[in-house]
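The values are calculated or read from the model by the stated rules, or taken from the named source; none is laboratory data. Since the structure is predicted, the reported quantities are computational estimates derived from the model, not experimental observations. Reconstructed Cβ throughout: ideal geometry from the backbone, glycine too, with neighbour counts over all protein chains shown.
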Amino acid sequence: MSRTLAGLRGRGRINPVDLESTCGEIRTALLEADVALIVVDQLITEVKRRGLEAISLKQSGINPAQQVITIIHEEILKVLGTNARPLAQAKKPPTKIMLAGLQGSGKTTLAGKLALWLKEQGNTPLLVACDLVRPNAVTQLQIIGEQIGVPVFAPEPGNGSGNPISVAKAGLDHAEQKVFNYVIFDTAGRLGVDVELMKEARAIKSAITPDDTLFVVDAMTGQDAVNTANAFNSGVGIDGVVLTKVDGDARAGAALSVTSVIGKPILFLSTGEKSSEFEPFYPDRMAQRILGMGDVATLADQAKKALDEKSAARLEEKLISGEDFTFDDFLEQLQAMKKMGSMTKLLGMLPGLPGAQGAQMKKQIEAIDDSETDRAAAIIQSMTPHERSNPKIINGSRRLRIARGSGNEVSSVNRLLERFAGAQKAMKQMKNIRPGAMPQIPGLGAPPAQRPPQRAGKKSRSGNPAKRAEAERG
């Protein structure tokens with residue numbers, strides 16, 4: 001999609017043949033990504049219709065190619081769902097959230113992630129273990145609850161025994177007594193849609209009357225995700241969709257087309273294995289990612305979560321007072337970067353730069369090993385406090401000791417010292433920067449606007465050495 005639109009952006013005027021070619025490439029990309037055929041055909045039909053109208057109007061001052069890109073963006077947004085909404089909130093607590101889906105879709109892990117997200121928003125969630133079919137499902141939920149600091153109501157051991165409807169009712173009573181404001185019910189799944197699964201899910205829903213029934217779907221399921229969603233919607237009734245394993249190898253096209261087929265909004269995305277790798281779904285942001293426009297808003301949200309406000313304020317004070325940027329400060333920044341996720345994930349949120357510049361930047365970021373932060377932390381932690389505050393004293397023998405202490409080669413220590421020197425230099429420049437001025441970028445030199453103008457050839461130079469020297473000083 002990015003390549004197709006990059007070629008389109010480079011044109012001014014386009015004709016119907018260009019539009020047909022672009023639509024063909026987009027159709028192929030969407031089908032290869034496993035988007036449902038009916039959704040693809042509807043999208044391409046609308047893009048062609050609106051694109052031909054834009055070309056035929058030939059309005060002065062309007063770039064038809066850019067108009068077509070805008071149309072593609074709007075149509076993809078329709079596929080992703082323009083009816084996005086936040087999680088339900090009951091007028092009288094607790095708010096009841098029921099999770100439904102097939103076995104293996106990641107419901108139990110998702111229940112923990114949702115609970116942690118609610119807890120971070122200042123809520124008091126309770127997890128209720130209603131999956132009494134899958135072996136160790138109750139134990140898994142209890143372990144997750146312990147890890148994230150959220151209580152779990154689990155009166156039955158599971159492993160095929162017990163009554164999930166009774167557990168759900170008792171869990172709701174417990175939540176009301178202990179004044180929890182959110183209750184998350186983790187229900188059982190099956191390897192496929194069957195009568196027993198639907199019967200049990202309907203019975204639990206009838207017993208607790210949830211405020212939100214969320215269908216949990218594995219983003220790597222493929223075309224069957226649409227069929228399963230239809231079955232759950234007609235058999236149980238769902239209010240929203242949650243996509244899990246979005247970080248997997250599959251392109252998640254079928255899962256993304258679920259909302260278009262069943263008309264239910266996607267509420268959340270599970271984007272990794274960690275409990276914190278979970279985010280609300282914003283259709284406009286996802287549309288921008290698909291079209292290679294980046295997702296700076298989500299990147300900023302993750303940066304806020306990763307960066308400690310006290311650490312940021314302390315670093316700002318250092319910059320203002322003129323204190324040196326130390327290895328302790330550098331380590332804090334590296335650890336904050338690690339909290340934000342892998343470099344590959346961050347790269348997907350950056351807007352694509354055009355031409356060779358963008359390709360080179362992408363290549364450099366993709367080359368960064370995600371374990372490099374751990375390696376850098378080990379090296380820094382092998383330094384003495386004095387060395388961290390005064391890196392200039394780190395000579396050859398100290399480098400060897402640090403390398404051995406951290407289990408690295410001396411070359412790795414040298415690379416980190418070079419990296420730190422660049423960061424320290426950038427921090428010093430930020431301290432002196434004037435509003436509107438651009439600092440020098442470490443390793444790239446000053447921006448073009450700040451470089452001295454090129455001197456003319458010999459004809460423009462004064463023949464008098466004294467005058468020439470005075471002119472150059474000026």
> Among helices (runs of 4 or more DSSP H) lying entirely in segment 1-96, which contain 3 or more residues that are farther than 22 Å from ASP284 by Cα?
Replying inline: 16-32, 37-57
> Among the residues of segment 146-181, how many are of a type in the set (Lys, Arg) and part of a strand (DSSP E or B)?
Replying inline: 0
> Could you list, in sequence order, the residues of segment 174-196 that are among the β-branched types (Val, Ile, Thr) and either crowded, with 17+ Cβ neighbours inside 10 Å or not assigned by TED's automatic domain parsing to the domain that holds SER105 (or both)?
Replying inline: VAL183, ILE184, THR187
>> Given the criterion in contact (Cβ under 8 Å) with a residue 12 or more places away in the chain and not in a loop (DSSP other than H, G, I, E, B), identify the matching residue among ILE184, ILE238.
In response: ILE184
> Looking at GLY51, GLY101, which one is touching a helix residue (DSSP H, G or I) at 6+ places or on another chain (Cβ under 9 Å), in the same structural domain as VAL242 (by TED's automatic domain parsing) and not basic (Lys, Arg)?
Replying inline: GLY101
>> If a residue must be modelled with pLDDT of 75 or more, closer than 14 Å to GLU25 by Cβ and not hydrophobic (A, V, I, L, M, F, W, C), how many such residues does segment 1-15 contain?
In response: 3
>> Within segment 16-39, take every residue that is under 25 Å from the mean Cα position of the chain (by Cα) and among the aliphatic types (A, V, I, L, M) and give me the one that is modelled with the lowest pLDDT.
In response: ALA33
> Which of the residues spanning segment 40-59 are loosely packed, with under 14 Cβ neighbours inside 10 Å, at pLDDT below 85 and of a type outside the set (D, E, K, R)?
Replying inline: SER56, LEU57, GLN59
> Under the condition of being crowded, with 24+ Cβ neighbours inside 10 Å and touching a Gly at 6+ places or on another chain (Cβ under 6 Å), which residue from segment 83-137 is farthest from GLU176 (Cα to Cα)?
Replying inline: GLY101
>> Against the condition of a type in the set (A, V, I, L, M), assigned by TED's automatic domain parsing to the domain that holds GLY106 and either free of Cβ contacts under 8 Å to residues at least 24 places away in the same chain or farther than 16 Å from ALA111 by Cα (or both), how does LEU214 come out, does it pass?
In response: no
>> Between a residue in segment 119-132 that is more than 22 Å from MET198 (Cα to Cα) and of a type in the set (Gly, Ala, Ser) and any residue that is surrounded by 16 or more Cβ atoms within 10 Å (Cβ to Cβ) and modelled with pLDDT under 95, which pairs come within a Cβ distance under 8 Å, given they are 6 or more apart or on different chains?
In response: none
